[in-house]
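The values are calculated or read from the model by the stated rules, or taken from the named source; none is laboratory data. Here the structure is a predicted model, which is why all the values come from computation and not from measurement. Positions of Cβ are backbone-derived with ideal geometry, glycine not excepted, and every protein chain shown enters the neighbour counts. Accessible surface is based on the protein model in full, side chains and every heavy atom, while ligands, DNA and RNA are left aside. Shrake-Rupley method; radii C 1.70, N 1.55, O 1.52, S 1.80 Å.
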Amino acid sequence: MTWWATDDEDDEPEYDESSVRVRPNPKGNKPRTKTRPEHEDALTGRILSVDRGRYTVMLGENTPDEHRVTAARASELRKHAVVTGDRVDIVGDTTGADGSLARIVRIVPRTTLLRRSADDTDAVERVIVANADQMLIVVAAANPEPRIRLVDRYLVAAYDAGVSPILCITKTDLADPAEFLSNFAGLDLPVFRSREDHMPLAEISAALIAHDTVFVGHSGVGKSTLVNALVPAAHRAVGVVNTVTGRGRHTSSSTISLRLETDAGRGWVIDTPGVRSFGLGHINTDNILKAFTDLATVAENCPRGCTHLPDSPDCAMNEAVARGDLGPTGKARLDSLQRLLTTFAAGPTY
Ligand SMILES: Nc1nc2c(ncn2[C@@H]2O[C@H](COP(=O)(O)OP(=O)(O)O)[C@@H](O)[C@H]2O)c(=O)[nH]1
Ligand SMILES: [Mg+2]
Ligand SMILES: [Zn+2]
């Protein structure tokens, strides 16, 4: 048995807390009074998933009272996107009893935010994950072929959002990822990789404990397989592609938080089906530079407005590397940084 072996006959429905039936709120159509209460009795919870205006919220996380409730946005939040990972204040029936529906009245200020890539004409906010502190980028050594630029885009999105990236290489039984990985040698990037038919699941789990980790990757790389191996209760659909329709047997478009349970602690895996890339619209060069602390110090001596690219006149980093000041890895790190800066310079079109 290989670690990715799947039972094709397993027709278990995909796990999705948001699929619980919800009776419409009988009071939902009542006109509201003008003076709203302050919601001082609101409880703060975590958004696990979103499905057509219904939110699954976890209350009392890691306490004996932990439970899930279904909630809808209060009218004052109608123009605000509430997304997986958001912490929200909710009021109303927060028992989670069958058919109950609570109300989300506030979004707790977010620590991080990842947006879906969008074109400039897009008026809608395309926030997809809030408060993640790690991004696990899943890449296959082959089938599909790994693409440096795609990983670069994920890295830039992660650095820009203040989310720590981790790389995970699957399908090393099909190809040796060494050459691909050499492109990232200059980064402080933790890398997990399968070795033939073994994936270091315990090590990956350990890295996820006490974190909210958003999983990203091109379709077919083995992301669902990995999620299922880490969170067996997840039952994420593994890509058995229908040759007639070209679509997966279970297609899911919802972003969902799955709880990782280990003897050493818990964590959250945030699975994002269908997200090919994150928006890079408002990336600040300084945020990318911040991920390279040693280089950032040198860059303080750059001329104003320095692009830090190879052709940038008097760039202190280029000069330092040319002098050999940054040690044997300096060149590789500067190359990586410049590649990411170039990715950013290419703008949000891809
Ligand atoms: N050879 C090989 N196949 C794998 C590995 N991991 C996953 N797969 C297969 O790759 C296909 C796509 O996997 P899936 O998890 O659905 O990919 P996703 O689209 O990224 O979620 C499935 O047929 C998996 O069984 C691996 O390490 N090696
Ligand atoms: Mg999948
Ligand atoms: Zn510079």
Worksheet item: Can you find a residue in the stretch 271-285 that is at pLDDT below 85, assigned to a helix (DSSP H, G or I) and more than 10 Å from ligand 1 (Cβ to nearest atom)?
Response: yes
Discussion item. Pull out all pairs, ordered by first then second residue, where Cβ-Cβ is under 7 Å, the residues are six or more apart or on different chains, the first lies in the stretch 172-184 and is outside the structural domain of Asp335 (by TED's automatic domain parsing), and the second is part of a helix (DSSP H, G or I).
Written reply: Asn183/Ile148; Phe184/Ser336
Discussion item. For the stretch 201-226: of the residues being over 21 Å from Leu155 (Cβ atoms) and either assigned to a loop (DSSP other than H, G, I, E, B) or β-branched (Val, Ile, Thr) (or both), which is nearest to ligand 1 (Cβ to nearest atom)?
Written reply: Thr225
Worksheet entry | Single condition Arg147 does not satisfy, out of (1) in contact with a His (Cβ under 9 Å, 6 or more places away or on another chain); (2) at pLDDT 95 or above; (3) within 30 Å of Asp197 (Cβ to Cβ) | (2)
Worksheet entry | Number of the exception - Arg249 against (1) more than 12 Å from ligand 2 (Cβ to nearest atom); (2) of a type outside the set (Phe, Trp, Tyr); (3) modelled with pLDDT under 95 | (1)
Practice prompt. Considering each residue of the stretch 35-53, count those that are outside any loop (DSSP other than H, G, I, E, B) and modelled with pLDDT under 95, and give that number.
Written response: 3
Worksheet item: Which number in (1) without any contact (Cβ under 8 Å) to a residue 12 or more places away in the chain; (2) surrounded by 20 or more Cβ atoms within 10 Å (Cβ to Cβ) marks the one condition that Lys223 misses?
Response: (1)
Worksheet, complete the sentence: Contact list, first residue from the stretch 290-304 and farther than 16 Å from Leu340 by Cβ and within 16 Å of ligand 1 (Cβ to nearest atom), second anywhere and open to solvent by less than 30 Å² (accessible area, probe 1.4 Å) and not hydrophobic (A, V, I, L, M, F, W, C), beta-carbon distance below 9 Å, six or more apart or interchain, is none
Worksheet entry | Selection status of Ala157, on the phi < 0 side of the Ramachandran plot, in a loop (DSSP other than H, G, I, E, B) and surrounded by 21 or more Cβ atoms within 10 Å (Cβ to Cβ) | no
